1. For the stretch B:341-406, what ratio Rg/Rh do Cα atoms give with a Kirkwood hydrodynamic radius?
2. Could you sort B:403-411, B:309-317, B:378-386, A:97-105 so that the peptide with the highest average Cβ count within 10 Å comes first and the rest follow in order?
3. For n ≥ 4 DSSP H runs only, could you compute -39500 (n - 2.57) per run for chain B, divide by its residues and tell me the 222 nm figure to the nearest 500?
4. Shape of the stretch B:22-109 from its Cα gyration tensor (a ≥ b ≥ c, root eigenvalues): rounded if a/c is under 1.5, otherwise prolate when a/b > b/c, or oblate?
5. Rounded to a whole number, what is D in µm²/s for chain A from Stokes-Einstein with the Kirkwood radius over alpha-carbon pairs (37 °C, 0.692 mPa s)?
6. How many nm separate the modelled label positions at residue A:116 and residue A:81, each set 7 Å beyond the Cα in the direction of the Cβ?
7. Pulled fully out, how much extra length does the chain show between residue B:35 and residue B:192, if you take 0.36 nm times their separation in residues and subtract their Cα-Cα distance?
8. Rounded to the nearest angstrom and ordered from largest down, what semi-axes does the equivalent ellipsoid of the protein assembly as shown get from its C-alpha gyration tensor (root of 5λ)?
C-alpha cells in the first residue's frame with residue numbers, strides 16, 4: 001500500500017464518528033457562503049470609487065506605503081526622476097509592458113529586464129524594482145501581484161525599493177473581490193506565485209519594536225494612474 | 001509518579017515566575033499587540049460571526065479531510081509539483097535529507113516553520129553535514145543562541161536588544177548597538193549572502209488550498225518569499241490539517257490570522273505558491289516539493305471529542321492571553337507548541353503520560369477559548385486531558401487518596417474521630433508549619449492551612465437542641 005493510501009485510510013477510519021459542530025450560533029451554511037455573506041462580517045469599505053481610493057490612501061499611510069495619485073504617465077516619470085536623485089539610483093530592474101516601456105527610458109538609467117533572465121545577484125544589485133500589478137485592495141491597502149503580472153518572483157522582493165504602477169480600474173473594494181478576480185483572470189492556469197503585498201517589509205522580532213526593511217524592500221511606492229482612454 | 005518532563009517544567013516554572021524582569025519584559029512587549037488586535041477586531045462588522053464562520057470552515061475541512069487532502073494533492077500533481085506523504089517525523093526527515101543529498105545541495109535556507117521544529121529537521125540536516133540557516137529574524141536569533149523558539153509567532157520575544165546585540169557581537173563579530181534597526185540590518189546583510197548561495201529552500205505553510213492546489217504563507221519580513229523564490233528547489237513541510245476547501249476562504253482567514261497573531265489588518269506578505277516555475281514565468285524554483293505530515297495527527301483526528309484542536313491556525317493568540325504562559329514563559333513548556341494549544345495537543349502528539357502535567361498548569365480561566373479565532377474550546381480540552389490522565393494507571397496515588405477520603409466521609413464515627421485527632425494535632429502542627437519536618441509542606445509552602453472549627457456541626461447541633 002502506498003503512503004498516500006495508508007494515510008487516507010487512517011483518516012477515513014478516524015472520521016467514523018462525527019465531531020460536534022462548533023459554537024452555539026450558526027453563521028451560515030458553509031456550502032451556501034458567498035462573497036456577499038463574507039462582506040457582512042469583514043470591515044466595511046466605501047461603495048463609491050472615490051471613497052475606495054481614499055480608503056486605500058489611508059491604509060497606505062498607516063502601512064508606510066508611499067502612495068501617489070497621478071494624472072498621467074509624465075507625472076510618474078517626474079516622480080521617479082525625483083526618487084532617482086534622492087535615493088541615488090544607479091540600476092533599475094523591471095519587466096516588459098507597454099506602460100513601463102513608455103516610462104522607463106526617460107529615467108535615463110540602465111535597466112535589467114527579468115525577461116532576459118538576469119541572475120539573482122544581478123537583481124540584488126538593482127536599486128529599485130518597478131512592476132505592474134493585478135489589483136489594489138482598498139480594504140487592506142494591499143497590492144496584489146503574481147509571477148505573471150509583476151515580472152516573476154524576485155523582482156518585487158529583492159531590490160530595496162519596490163515601485164508599483166496601477167490603473168484606477170485595478171482598484172478593488174475588498175479581499176473577496178480580489179479572490180474573485182484571481183479566479184476570473186487565471187481560472188485553471190494560475191501563476192506559480194501570487195502575493196498580497198501590504199506595506200514595505202517589516203519585523204518586530206526585537207522587543208516588538210517596528211523596523212522596516214527586514215528582508216524585503218525597505219520602501220514601497222504605489223502610483224495610481226487614470227484608466228487609458230481608448 | 002511525575003515524569004522527568006514534569007520535573008523540568010516545575011523547576012523552570014518556579015524559577016521564571018519569580019523572575020520579575022522576565023514578566024515585565026513579556027508584559028511590555030505584548031502591550032502594543034493587545035491594543036492593535038482589539039482595534040482591528042473592532043474594525044470587523046462582526047468579529048463574532050467571522051469567528052463562527054472560520055470555525056465552521058475548519059470543521060468542514062477537518063471532518064472531510066480525506067476528500068480535501070486528495071483534491072489538494074491531485075491539483076498539485078497536475079502542475080508538476082512533487083508530493084510526499086509522511087506518516088512519521090522520521091519519514092519526513094528522511095525524504096528531505098535524501099532530496100538534499102540527491103540534488104547535491106550545499107546551503108539550505110529556511111523560513112519559519114513550527115512543523116520543522118516538531119520533526120527536529122535542523123538537527124537532522126546539520127547532523128548530515130548541511131549548513132541550515134533560519135531566515136526569520138527571531139528564528140535566526142534563537143538559532144544562534146542554540147535555543148528553541150520561545151513563542152509560536154514571536155520566537156525571540158524573551159530577549160532584550162542588549163542580549164541580541166551581545167549575541168551578534170559574539171557570533172558575528174559586529175559592533176555592539178542599542179538600536180533595533182541596526183540589529184535588523186546586520187541580520188539582513190548576513191541573510192542576503194545566504195539567499196544568493198542557497199540551493200534548497202525549506203518553508204512551512206499556514207494554509208493549503210484544496211480547490212487550487214496551493215500553499216499559503218503568511219509573513220512580514222519577506223524571508224519566506226525569498227526562501228521560496230531564489231533557491232532552485234523549494235520544499236514545503238506541512239501538517240495534514242492545514243487544508244482549506246476553497247481559495248476564497250482566505251478572504252476570511254488571512255485577516256483573521258493577522259489580527260489574532262500580530263494585531264495587523266493583514267501581514268506584509270501573504271503568498272500563494274502552486275508549483276515550480278511555470279512556462280513563461282521569469283524565475284522561480286525548478287522543483288516544488290510538498291511534504292504532508294501525519295505524525296499522530298490522525299490519532300487526534302480519531303478523538304471526536306477533541307478533533308477540533310486540529311482546527312488551530314497557529315496564530316498564537318491563546319499564548320498571548322494565557323496567565324500561565326505570561327508567567328512561566330514559552331520555553332518552560334518543553335514542547336514545540338507552547339501555551340494552551342500546546343498543552344492540549346502535545347499529549348496527543350507525544351504521549352499523555354509524559355505531558356499530562358501541562359493540562360494542570362492552567363487556571364481554567366477560559367481566556368484562551370475566548371480569544372481563539374476558530375473557537376477551539378481550549379480550556380474544556382484541558383479538562384478532557386485531565387480526565388483522561390486520571391484514567392491512567394499512574395494516577396493510582398490520587399485514586400487511593402480520594403478513595404480514602406470517600407471512606408472517611410461515608411463513616412460518621414470514624415470521621416468524627418479523625419476530626420478530633422485533627423483538633424488535637426492542630427496546635428502542634430502550627431509549631432512546625434513551613435519547616436522541613438512539616439508533613440504538609442507541599443501544601444503549606446505556598447498556602448495557609450485552613451483552621452478546623454472548634455466544634456463540629458454535630459456538637460453544635462446537639463447544644464442547640466438543649
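1. Here the Rg-to-Rh quotient is 1.05.
2. B:309-317, B:378-386, A:97-105, B:403-411
3. -16500 deg cm²/dmol
4. oblate
5. 164
6. Reported label-point gap for residue A:116 and residue A:81 is 2.4 nm.
7. 53.2 nm
8. 52, 27, 26
Coordinate-derived values only; no laboratory data. Note that the structure is a prediction, hence the values are computed from the model and not measured. Neighbour counts run over all protein chains shown; Cβ positions are idealised from the backbone, glycine included.
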